[in-house]
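S.K.: Sending over a structure as structure tokens; questions will come in a sec.
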Amino acid sequence: MKRLLLSLACAALASAPLRAASDDEVAARRTALEVAGAFTNDGFKLRDGNWTGVVEIGKPMVIQVNLYAGNQYWFTLGSVPAAKKLLVTVYDETGQAMEVDPYQEASVAAAGFSPQASGSYYVKVEEIEGTAAAFCLIYSYK
Amino acid sequence: MFLKHRPLASCLAFVCLCASAAGQAAPLTPAELSGAALTDSLSIPMPGEFMAALNKLGKLDWTTKFRLPIVTNYSSRPQAALNLGGLIADGYIAIEAEDGQQVKNIGKDVLALAKVLGVSKDVVERASSIASFAENSQWDQLKEELESTQNEVKTAMTEAKDQDLVTLITVGGWLRGVEAISGHVAGNYSELGAKLLRQPGIVSFLNKNLEALPEKVREDASVKITRKKMAEIEKFIAFPLDKAPSADDVKQLNKLAIEAIKEISKKQK
């Protein structure tokens, strides 16, 4: 596991070679990986990939993901202390919000989701309290 | 790290038991839907995710999904990239089958193709770890290592301004996964299994990327046939949410994927 986290961190750092990762992005990534590490105790595997950017109040960010029915997923959003409260929401391909198991604590938020149908879904990350902050979204599955 | 987060794990479990967001958030706006980010590193699932879902439908003999070794001395770089993706998917299949020797054989072929593509130095160390994990039957670690290998190769290519080849690796891997899984569903048809094949977002993303390749790459014989087959495959993958494809549709999809993989791996004259 330690090996995977190290590898994920290295891959993450190298995954945007045309734009160097900022210190805040690295910190956000570390936070997300640490929280997602907790899910691996429950058999979840970390996907070796991430999505980074800057989130601020009133300017949510959305990414499309492709999920398989039967699998369970955790989407984990890590940020830096400037983000006081974050939210992760999952939507189906028509844009309707899905029922998720939520987790929220200061600069971290997560959403557990078990799709009933395979296909495209959307994950929205947003800041509820705080100032503009770097974020990193990762996911785990089993 | 884990000691530090042990309380967090308990807390997460507790929160999950107590709370369940009931999907009360407002729907996404059309602008949010059309403007959503789509990235290779997060939007396209790894073969392991597809296989995890399939494994839940019943025991599957993954050794029946092996294929004969392919050549690894392609002179066309786009063709080498397509086949590298396919080989990585073969690696996942070998791991699911828990066949150490097969994993090692595929590891060697991955290294050979990485050499053709000029990224072997990024793979050498990984290949050695893969062989070691395979010898010790460390299947979970192998999956992680394979995923990391794939991402490292893609990163090395992006750094070398070979983004086009990254697209082709993704397409080759996805096609090989579809070939194996549609073959299984076709042979053991169930509506539940068939519905797993629904991946409209992926196929449209990959087709868009294929069409955006530079003309020189698009005109490579292996890429040409891939584009043609992928366009046909899209019809069978993008079925409505509430409808499972028929057994015949799955067979047709499998036939297209088999043909694509066969053409891609055939050495060009």
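S.K.: Within 10 Å of each Cβ of A:37-50, how many other protein chain Cβ atoms are there on average?
M.R.: Per residue, the number of nearby Cβ atoms from other chains is 6 on average.
S.K.: If you average 1/r over every pair of different alpha-carbon atoms in the stretch A:89-132 and take one over that average, what Kirkwood value in Å do you get?
M.R.: So the Kirkwood estimate lands at 11.7 Å.
S.K.: Just flag the chymotrypsin sites (Phe, Trp or Tyr not before Pro) in the stretch A:102-136 sitting in loop per DSSP whose Cβ has no more than 12 other Cβ atoms within 10 Å.
M.R.: Of the chymotrypsin sites (Phe, Trp or Tyr not before Pro), not one in the loops of the stretch A:102-136 has a Cβ with at most 12 other Cβ atoms within 10 Å.
S.K.: Give me the distance in nm between label points sitting 7 Å out from Cα along the Cα-to-Cβ direction at A:Asp42 and B:Lys262, one decimal.
M.R.: Going by the 7 Å Cα→Cβ label model, 4.6 nm.
S.K.: Okay, moving on. Taking just the C-alpha trace of the stretch A:2-141, give me its Rg and Dmax in Å.
M.R.: 14.1, 38
S.K.: Be a star and scan the stretch A:110-136 for residues whose amide nitrogen sits under 15 Å from the point 7 Å along the Cα-to-Cβ vector of B:Leu192.
M.R.: Zone members listed by number: A:115-118.
S.K.: Under the √(5λ) rule applied to the eigenvalues of the Cα gyration tensor, what semi-axes describe the equivalent ellipsoid of the protein assembly as shown? Give them in Å, descending.
M.R.: 33, 24, 21
S.K.: If you don't mind, there's one more thing I want to ask. Using only Cα atoms, what is the ratio of the radius of gyration of chain B to 2.2 N^0.38 Å?
M.R.: Rg over 2.2 N^0.38 Å, computed on Cα atoms: 1.06.
S.K.: Sticking with this one: For chain B, what does the helix formula give at 222 nm: sum of -39500 (n - 2.57) over DSSP H segments with n ≥ 4, over the residue count, nearest 500 deg cm²/dmol?
M.R.: After summing the helix terms and dividing by the residues of chain B, the value is -22500 deg cm²/dmol.
S.K.: Past 18 Å, Cα to Cα, is the threshold; run B:Lys115/B:Lys262; B:Lys228/B:Lys255; B:Lys143/B:Lys267; A:Lys85/A:Lys124 against it and keep the listed order.
M.R.: B:Lys115/B:Lys262; B:Lys143/B:Lys267
S.K.: Modelled label-to-label distance, B:Val71 and B:Asn136, 7 Å Cα→beta-carbon offset: nm?
M.R.: 3.8 nm
S.K.: Taking each residue in A:89-96, count the Cβ atoms of any other chain within 10 Å of its Cβ, then average. What number comes out?
M.R.: What the average comes to for A:89-96 is 5.
Here, each number is a calculation from the coordinates, and none is a lab measurement. What you see is a predicted model, and the numbers here were worked out from it, not measured in a lab. Cβ atoms come from the backbone with ideal geometry, glycine included; neighbour counts cover every protein chain shown.
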